[in-house]
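The values are calculated or read from the model by the stated rules, or taken from the named source; none is laboratory data. Please read these numbers as outputs of a predicted model, since none were measured by experiment. Cβ sites come from the backbone with ideal geometry, for glycine too, and all protein chains shown count toward neighbours.
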Amino acid sequence: MARDARPGSPRGRWTPSATGWDSWDVVADRAAHDDAAEGPGGGPAASGAARGTEVRAIGVAIPIPDPHGALLQAKRASFGDPLATAIPTHITLLPPTEVPEHELGAVADHLRDIARTERPFRIKLRGSGTFRPVSPVVFVALAEGISGCERLQARVLSGPLARPLPFPYHPHVTIAHHLPEEVMDRAFKELAGYSADFDVWGFSLYEHGRDGVWRPQYDFVFGEGGQRRV
């Protein structure tokens, strides 16, 4: 079932993304500015090459299935968020992290082992929430499935991907980030009555492109013990 898996077992080699690893939004936003300032070849991978080691900025997340994911992405775009098309609708498990390119196979091995022993669980999205004033984020909240996300997140951030986080883990779906206060208020109000239910089939490994877009590379399906290229 596994494809393109590469062996390896590094320890303690992963680092937070130098471009703002606490948020997929921050990484995508800064990459756009970096590319504009540096021209072709800018971005996380180029910075790694300058240090002598090619790196990739990756993230791991539960994708929100359509039609829910598409609807929330369209909502985010309607609020004028310039990153709406750069970040697929998701629940983060591993925030943006720079990984040496030649060691990505070990990451796939780690994630595949996790997926093999997990089973589908239900997520219910209900209403809106915000991290303001600590962080300028409005999100859709989870009413069910929090414990499943917490379990997955703890397993993903273990072994070769073990790393500290700046804040306690709080699974959520971002719908507005770093926008004017009146727009954040509007997003909070418009999604206050939002509701969606779906089953989590697994999770995906995403890579941050030089164009600032996060794209899924592999899906890891619960119980199958393998991965599939997206």
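Brief remarks on what is shown
- Region 126-147 - residue that is of a type in the set (A, V, I, L, M, F, W, C) and without any contact (Cβ under 8 Å) to a residue 40 or more places away in the chain and, of those, surrounded by the most Cβ atoms within 10 Å (Cβ to Cβ): Phe139
- Check on Leu72, outside any strand (DSSP E or B) and closer than 18 Å to Asp211 by Cα: no
So that you can scan it fast, the table gives a plain yes or no per residue for (1) acidic (Asp, Glu); (2) surrounded by fewer than 15 Cβ atoms within 10 Å (Cβ to Cβ); (3) at positive phi:
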{"position": "Ser158", "(1), (2), (3)": "no, yes, no"}
{"position": "Pro168", "(1), (2), (3)": "no, yes, no"}
{"position": "Val173", "(1), (2), (3)": "no, no, no"}
{"position": "Gly193", "(1), (2), (3)": "no, yes, no"}
{"position": "Asp211", "(1), (2), (3)": "yes, yes, no"}
{"position": "Trp214", "(1), (2), (3)": "no, no, no"}
{"position": "Val221", "(1), (2), (3)": "no, no, no"}
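- Per-region count, region 152-211, residues among the acidic types (Asp, Glu) and within 23 Å of Phe222 (Cβ to Cβ): 3
- Selected residue (criterion: modelled with the lowest pLDDT) from residues of region 162-184 that are under 13 Å from Thr92 (Cβ atoms) and among the aliphatic types (A, V, I, L, M): Leu165
- In the set Thr97, Thr117, Thr92, only one residue is out of contact with any strand residue (DSSP E or B) (no Cβ under 9 Å at 6 or more places or on another chain) and more than 19 Å from Arg186 (Cβ to Cβ); that residue is Thr117.
- Residue in region 88-100 that is in a helix (DSSP H, G or I), hydrophobic (A, V, I, L, M, F, W, C) and at pLDDT 95 or above present: no
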